[in-house]
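The values are calculated or read from the model by the stated rules, or taken from the named source; none is laboratory data. What you see is a predicted model; the values in this text were computed from it and never measured. Cβ placement follows ideal geometry from the backbone for every residue including glycine, while neighbour counts extend to all protein chains displayed.
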Protein chains: 2
Amino acid sequence: MSEVLAKGKAAKEASFSLVDISTEEKNEALAKIADQLLVDQGMIIEENRKDLEAGKKNGLTESVLDRIMLNEKRILDIAEAIRLLIDLKDPIGETIETIEKENGLLIKKKRVPIGVIGMIYEARPNVTVDAATLALKTGNAVILRGSSSASYSNQALIQSIHQALENSSVPVNAVQLIEDTSRETAKELFHLKEYLDVLIPRGGKNLIDTVVREASVPVLETGAGNCHIFIDETADDQMAENIVINGKTQRPSVCNAIETILVEENWFSQYGKSLLEKLEEHQVEIFGDDKVANVFEKAKLATEEDWYTEYLALSVSVKVIKDVHEAIQHINTYGTNHSEAIVTENKQNATLFLNKVDAAAVYHNASTRFTDGSEFGYGAEIGISTQKLHARGPMGLQALTSSKFYIYGSGQIR
Amino acid sequence: MSEVLAKGKAAKEASFSLVDISTEEKNEALAKIADQLLVDQGMIIEENRKDLEAGKKNGLTESVLDRIMLNEKRILDIAEAIRLLIDLKDPIGETIETIEKENGLLIKKKRVPIGVIGMIYEARPNVTVDAATLALKTGNAVILRGSSSASYSNQALIQSIHQALENSSVPVNAVQLIEDTSRETAKELFHLKEYLDVLIPRGGKNLIDTVVREASVPVLETGAGNCHIFIDETADDQMAENIVINGKTQRPSVCNAIETILVEENWFSQYGKSLLEKLEEHQVEIFGDDKVANVFEKAKLATEEDWYTEYLALSVSVKVIKDVHEAIQHINTYGTNHSEAIVTENKQNATLFLNKVDAAAVYHNASTRFTDGSEFGYGAEIGISTQKLHARGPMGLQALTSSKFYIYGSGQIR
């Protein structure tokens with residue numbers, strides 16, 4: 001039996017004993033994990049160093065190495081995040097709906113765990129702990145398949161988690177790490193329908209696209225954010241500038257950063273040049289249409305490809321357009337259904353934009369950077385869904401649950 | 001451009017004008033459809049006859065021909081179902097969650113249409129109207145791909161629906177029928193990610209399995225029901241018999257019918273023979289384990305295959321087992337996560353069974369036949385989901401909706 005099959009089977013079996021475990025038992029296990037990670041931090045940092053050394057040899061960039069790096073401060077942050085998770089309300093067991101039938105049948109729709117959650121993700125080892133603890137809090141077993149570039153770190157973290165679970169009511173098998181990080185194990189997970197209830201990819205566009213295209217297991221699609229801001233004719237110029245600079249430069253590498261600015265033509269004649277200069281001051285590279293290039297010579301001419309591009313860097317595309325209708329059309333053509341904003345004092349245009357733009361989060365006069373589990377008050381987040389089924393937008397604990405109808409009778413037949 | 005691509009594009013465009021259409025406008029369009037179907041019933045019945053004649057030539061069974069057949073009574077029933085749908089509450093626009101942040105941001109999670117729904121289904125032409133009208137009620141466009149055996153009927157129904165929409169606020173393009181019923185068009189739909197938001201297969205196990213395995217568009221899995229009833233030691237004998245006979249014989253061809261009976265050994269020694277005789281009286285063919293065969297010689301010996309089989313006919317498999325734990329184990333191994341029942345007077349065993357059995361609907365002392373949208377009071381049903389994401393169990397209007405975060409600010413940045 002392959003590693004994936006054996007661990008899948010073990011996870012499924014563990015998931016059956018998790019369905020009626022109490023909130024207290026789950027929280028106790030989480031607390032033990034937080035403690036054990038701190039006890040083991042020396043070992044974890046030592047193993048992490050092996051990944052970093054291999055990464056340097058393999059020529060990984062500084063930013064990827066930084067994502068892999070664990071130190072005492074970061075392990076403390078991970079443990080702190082688990083303690084915050086313990087304080088969150090347990091969604092499992094909640095009655096979502098009650099139906100009483102005339103024949104005496106009582107139907108209760110209750111929130112239950114999904115079962116076994118698979119995660120396929122890239123370099124960050126903190127995702128290993130995040131995913132394992134979010135899954136346990138919601139009564140799910142989890143199968144983790146991380147990146148080879150974080151293999152030593154992931155194995156060390158899992159060893160620590162398993163050690164903690166040994167002394168808890170949660171079966172050790174509830175958390176499984178696939179140690180073989182070859183392509184074959186990812187492919188096996190894509191089709192592990194017998195043991196896996198959902199697969200969540202976290203990482204770059206290529207990874208996500210591959211999982212969505214190939215997997216026959218249901219997928220929760222997260223991530224790609226080609227986010228727009230539309231500055232309407234009546235936009236307050238200072239507000240528009242603040243939101244643009246914040247959305248583009250505060251943290252350009254994240255999925256809710258702004259990638260394209262659409263500007264209504266009259267607003268552009270008045271304030272366009274000043275906005276472009278402000279972006280330039282913030283070291284932002286500008287790809288503009290011809291109207292932009294005409295007033296701002298440092299702008300490069302945008303190609304069709306630019307309107308599709310999620311730069312995830314200090315670059316932005318800028319287009320001058322006629323009105324809110326053209327903005328909606330452009331966004332629904334080139335966007336990725338993540339986060340989209342309009343800046344306007346015209347309420348009618350705001351309503352039109354919010355209703356017609358097809359995205360997980362639509363903003364009137366605020367920065368797209370707020371699309372985030374903790375900003376929304378969910379406290380913890382497994383990712384941001386850009387699909388429309390099951391969960392859309394920031395996914396908190398509830399996104400890791402399913403439902404089940406409990407029907408209580410006294411002999412009713414049809 | 002292929003038929004599927006052209007109609008996909010048209011449906012997607014129509015879906016954008018459906019997002020802010022009012023409940024009144026949708027209901028008016030539905031009323032016009034109901035009226036038009038009655039006006040056109042002569043034409044529809046004539047076209048339906050062509051399908052029936054072709055079906056007879058092609059050797060379709062009587063039961064398939066009956067599913068295809070439309071007459072005045074059936075068209076009237078279809079129109080009546082639309083009028084009931086009009087009376088149902090429109091879920092679109094409902095605010096699901098409101099979050100107010102200290103910085104003044106107001107976040108509202110609202111219910112919105114999914115966008116474009118694809119349906120791939122088998123012989124029944126009534127599904128054509130069902131799917132189109134359920135989609136419209138929830139503000140969705142729909143692409144229908146029916147069976148070649150109902151081509152004339154489906155085209156006639158769609159002609160009538162289009163005629164009705166001509167005089168309504170709903171764009172005609174919101175309802176698309178793929179006329180080419182070759183395998184190729186189904187395959188194109190599997191991967192029409194650009195225009196299709198979800199694909200719902202309705203039909204036999206083969207159809208559903210193929211769609212789940214091959215589609216890269218998200219799938220709502222419906223259908224297969226290998227449902228069990230477990231008769232516990234303390235079960236009331238009359239109640240157990242009533243539920244068994246009802247679950248097995250009242251309508252054996254449906255997915256919530258009982259396919260396997262698990263009987264606790266002590267109950268079996270006392271009442272087993274009488275139950276088997278009762279089944280025999282109802283012309284039910286019995287596949288039993290050796291304990292069953294020992295007391296009832298008309299039983300055939302069950303093979304491993306029988307425990308996996310959804311007979312959808314007057315056949316049942318019967319197994320004598322030790323206790324509730326073995327019942328749970330058996331169901332979680334062979335079941336299809338649809339509807340599962342326990343008959344018992346022992347509350348502890350009932351609780352254990354309901355919690356541990358992994359299914360959309362779990363019953364204590366009632367027939368599995370109740371798993372049904374109209375029985376649950378949803379009024380209309382697009383299918384019964386056996387998956388765990390998005391929707392589980394009978395899917396009413398809400399299963400055809402997504403959500404969207406509306407964020408109202410006054411210049412907030414991070």
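For the subset of segment A:207-249 comprising residues that are under 18 Å from the mean Cα position of the chain (by Cα) and among the aliphatic types (A, V, I, L, M), which member is surrounded by the most Cβ atoms within 10 Å (Cβ to Cβ)? Result: A:220. Among the conditions (1) more than 7 Å from chain B (Cβ to nearest Cβ); (2) under 29 Å from residue B:391 (Cα atoms); (3) touching a residue at least 40 places away in the same chain (Cβ under 8 Å); (4) buried (at least 23 other Cβ atoms within 10 Å of the Cβ), the only one that residue A:342 does not satisfy is (2). Given the condition charged (D, E, K, R) and closer than 30 Å to residue B:376 by Cβ, answer yes or no: does some residue in segment A:332-345 qualify? Among the residues of segment A:332-345, not one is charged (D, E, K, R) and closer than 30 Å to residue B:376 by Cβ, which makes the answer no.
When you check residue B:223 against the structure, is it small (Gly, Ala, Ser), within 29 Å of residue A:209 (Cα to Cα) and either in contact (Cβ under 8 Å) with a residue 12 or more places away in the chain or in contact with a Phe, Trp or Tyr (Cβ under 9 Å, 6 or more places away or on another chain) (or both), yes or no? When the stated conditions are applied, residue B:223 passes them.
For segment A:377-395, the set of residues classified as closer than 25 Å to residue A:230 by Cα and at the interface with chain B (Cβ under 7 Å from one of its Cβ atoms) consists of A:387, A:388, A:392, A:393, listed by residue number. The set of residues in segment A:338-355 being in a helix (DSSP H, G or I) and touching a Ser or Thr at 6+ places or on another chain (Cβ under 9 Å) consists of A:349, A:350, A:353.
Whenever a residue of segment A:27-41 is closer than 19 Å to residue A:134 by Cβ and in the same structural domain as residue A:140 (by TED's automatic domain parsing), its partners that are outside any helix (DSSP H, G or I) and at pLDDT below 95, lying with C-beta atoms within less than 7 angstrom and at least six residues away or across chains, give the pairs A:32/A:167.
Screening residue B:313 on (1) surrounded by fewer than 17 Cβ atoms within 10 Å (Cβ to Cβ); (2) modelled with pLDDT of 95 or more shows it passes everything except condition (2).
For every residue, the table says whether it meets (1) over 17 Å from residue A:219 (Cα atoms); (2) away from chain A (no Cβ under 14 Å); (3) touching an Asp or Glu at 6+ places or on another chain (Cβ under 6 Å).
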site	(1), (2), (3)
B:160	yes, yes, yes
B:166	yes, yes, no
B:169	yes, yes, yes
B:182	yes, yes, no
B:195	yes, no, no
B:200	no, no, no
B:204	yes, yes, no
B:216	no, no, no
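Looking across segment B:179-197, the residues that are within 21 Å of the chain's Cα centre (by Cα) and either hydroxyl-bearing (Ser, Thr, Tyr) or more than 9 Å from residue B:8 (Cβ to Cβ) (or both) come down to B:186, B:190, B:197. Yes or no: residue A:106 in the same structural domain as residue A:12 (by TED's automatic domain parsing), in contact with a Lys or Arg (Cβ under 9 Å, 6 or more places away or on another chain) and closer than 28 Å to residue A:16 by Cβ? Against the criterion (in the same structural domain as residue A:12 (by TED's automatic domain parsing), in contact with a Lys or Arg (Cβ under 9 Å, 6 or more places away or on another chain) and closer than 28 Å to residue A:16 by Cβ), residue A:106 does not qualify. Please specify each residue of segment A:17-55 satisfying the condition of being within 14 Å of chain B (Cβ to nearest Cβ), in contact with a Lys or Arg (Cβ under 9 Å, 6 or more places away or on another chain) and crowded, with 19+ Cβ neighbours inside 10 Å. The answer is A:18, and nothing else. Annotation: residue B:398 fulfils all but one of (1) under 27 Å from residue B:253 (Cβ atoms); (2) more than 7 Å from every other protein chain (Cβ to nearest Cβ); (3) within 16 Å of the chain's Cα centre (by Cα); the unmet one is (1). Filtered by the rule that a residue be hydroxyl-bearing (Ser, Thr, Tyr) and either surrounded by fewer than 18 Cβ atoms within 10 Å (Cβ to Cβ) or touching a Phe, Trp or Tyr at 6+ places or on another chain (Cβ under 7 Å) (or both), segment A:316-338 gives A:317, A:333, A:334. Residues in segment A:250-306 that are acidic (Asp, Glu), modelled with pLDDT of 95 or more and either farther than 30 Å from residue A:394 by Cβ or crowded, with 16+ Cβ neighbours inside 10 Å (or both): A:259, A:264, A:265, A:277, A:280, A:281, A:289, A:290, A:304, A:306. If the condition is being basic (Lys, Arg) and within 25 Å of residue B:41 (Cβ to Cβ), then segment B:138-194 contributes only B:145. Within segment A:293-323, the residues that satisfy the criterion of being over 23 Å from residue A:278 (Cα atoms) and either within 29 Å of the chain's Cα centre (by Cα) or outside the structural domain of residue A:246 (by TED's automatic domain parsing) (or both) are A:304, A:305, A:308. Just one of the numbered conditions (1) more than 9 Å from chain B (Cβ to nearest Cβ); (2) touching a helix residue (DSSP H, G or I) at 6+ places or on another chain (Cβ under 8 Å) is not true of residue A:361: (1).
Scanning segment A:364-401 for residues that are polar (S, T, N, Q) and part of a loop (DSSP other than H, G, I, E, B) turns up A:367, A:371, A:374, A:386, A:387. In summary, residue A:379 fulfils each of the numbered conditions (1) surrounded by fewer than 23 Cβ atoms within 10 Å (Cβ to Cβ); (2) in contact with a Ser or Thr (Cβ under 6 Å, 6 or more places away or on another chain); (3) at positive phi with the single exception of condition (2).
Tallying residues that are crowded, with 24+ Cβ neighbours inside 10 Å and within 7 Å of chain B (Cβ to nearest Cβ) within segment A:364-376 yields 4. Whether a residue is within 14 Å of chain A (Cβ to nearest Cβ) and farther than 15 Å from residue B:118 by Cβ was assessed, and residue B:150 does not pass this test.
Going through (1) more than 7 Å from chain A (Cβ to nearest Cβ); (2) assigned to a strand (DSSP E or B); (3) more than 20 Å from the chain's Cα centre (by Cα) one by one, residue B:333 falls short only on (2).
From the set of residues in segment A:79-105 that are closer than 30 Å to residue B:378 by Cβ and acidic (Asp, Glu), which is nearest to the chain's Cα centre (by Cα)? By that ranking, first place goes to A:90.
Within the option set A:208, A:231, being without any contact (Cβ under 8 Å) to a residue 24 or more places away in the chain and farther than 23 Å from residue A:50 by Cα holds for one residue only, A:208.
Would you mind stating whether residue B:111 is modelled with pLDDT under 95 and assigned by TED's automatic domain parsing to the domain that holds residue B:404? Answer is no for this residue.
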